[in-house]
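The values are calculated or read from the model by the stated rules, or taken from the named source; none is laboratory data. Since this is a predicted model, take the numbers as computed values, not measurements. Note: ideal-geometry Cβ built from the backbone for every residue, glycine included; neighbour counts use all protein chains shown. Note: areas computed on protein heavy atoms with side chains; ligands, DNA, RNA excluded. Shrake-Rupley method; radii C 1.70, N 1.55, O 1.52, S 1.80 Å.
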Amino acid sequence: MKELLLRTLTGIVLIVLVAGSILIGALPFLAILLLVYILGVREIFSLYPEDRAFEKFTSPIPGIILIGLSFLILEGHLKSFFLGIPLFLWLGFILAAGFKQAAGLSFFWLAIPLSSFLSLGWVGIGGSYHPLIPLSLISLLWINDTFAYVTGSLIGRHPMTPRLSPGKTWEGFAGGVLFTLLSGWIVFKITDTYRPGTWLLLSLIVSSLGLMGDLFESGLKRKKAVKNAGDLLPGHGGILDRFDSLLFVAPGAWILFLLIKLIQ
């Protein structure tokens with residue numbers, strides 16, 4: 001009970017910080033994502049302490065530039081080819097220091113998905129920032145995680161991946177999917193934007209890719225024989241433990257809305 005209360009209180013604080021930044025505006029949204037990125041990189045390097053200290057400080061640079069450039073391109077309507085700069089910078093670091101898994105994860109697992117999440121604020125009609133899609137996505141993600149956890153705790157009987165993540169059950173997954181689909185329908189009724197099929201498809205992306213993101217991080221932790229990626233968030237573990245689902249869901253959601261925009 002104490003752990004559940006701690007987990008709930010921490011979750012509420014995170015919701016206020018992330019949802020609040022999205023609602024306030026583009027700059028606070030950018031700031032909170034840069035903070036998540038920097039803290040996430042710190043946890044990645046704690047999982048891979050064998051990487052040299054110098055690379056711990058240089059590896060995050062391309063990711064910071066990528067997220068920052070994404071904001072400038074979207075907000076300032078600049079040419080998207082500028083996004084090639086951080087990629088070439090990252091490749092330069094790799095050629096100079098040799099490939100390190102921590103550096104690869106920092107760029108491809110953290111920076112690119114967080115840039116995708118940031119970009120969702122500009123995928124709507126008009127090209128200016130609007131909080132609807134990123135706020136809806138993070139809300140659906142939290143609903144999926146919450147009800148998968150609650151359903152699995154109450155009626156979970158059949159483990160999904162006993163070796164990789166013993167706590168996950170098929171009942172929990174089904175509960176998460178059902179409540180997320182219901183929530184997607186509610187978002188459609190409240191906002192009356194896009195077609196209902198779009199929100200239901202987004203809900204399925206949240207549930208399926210969210211699970212994949214969670215299992216991916218579980219695999220990394222299992223290889224390193226650790227329970228959590230960090231201890232920053234009481235009841236949750238680290239930043240990566242809380243945002244692992246988003247890192248798979250955000251690119252999928254961005255592709256979905258990009259395709260919708262192309263066919264409209």
Rank E50, E171 by accessible area, highest first, at a 1.4 Å probe radius? E50, E171
To the nearest 10 Å², what's M212's accessible area with a 1.4 Å probe? 100
Among T146, I112, N228, which residue has its Cα furthest toward the positive end of the charge dipole of the chain, with +1 on Lys/Arg Cβ and -1 on Asp/Glu Cβ? N228
Please report the accessible area of K221 (heavy atoms, 1.4 Å probe, ligands and nucleic acids excluded) in Å², nearest 10. 20
For T169, what residues show an amide H to amide H distance below 5 Å, using hydrogens built from the backbone and excluding near sequence neighbours? M160
With percent of Cα pairs over 24 Å apart defined as stated, name the option among (i) 44; (ii) 49; (iii) 52 computed from the structure displayed. (ii)
Percent relative contact order for the chain, counting Cα pairs under 8 Å at least six residues apart, stands at 20
Dipole magnitude (debye, nearest 20) for the chain, charges at Cβ of Lys, Arg, Asp, Glu: 320
Highest to lowest packing among 8-19, 240-251, scored as the average C-beta count within 10 Å: 240-251, 8-19
Would you kindly find the accessible area of Y48, with a 1.4 Å probe and non-protein molecules such as ligands, DNA and RNA excluded, rounding to the nearest 10 Å²? 20
Would you compute, from DSSP H runs of 4+ residues alone, the mean residue ellipticity of the chain at 222 nm, taking -39500 (n - 2.57) per run and dividing by the full residue count, rounded to the nearest 500? -24000 deg cm²/dmol
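Ordering K223, K189, K261, K168 by how much accessible area each has at a 1.4 Å probe, largest first, what is the list?
Putting K223, K189, K261, K168 in descending order of accessible area: K223, K189, K261, K168.
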Return the carbon/sulfur percentage of the accessible area of the chain, one whole number, probe 1.4 Å, all protein chains in place. 72
Given a 1.4 Å probe, how much area per residue of the chain is accessible, in Å²? 51
Largest-first ranking of R163, R42 by accessible area, probe 1.4 Å, whole protein assembly kept, is R163, R42
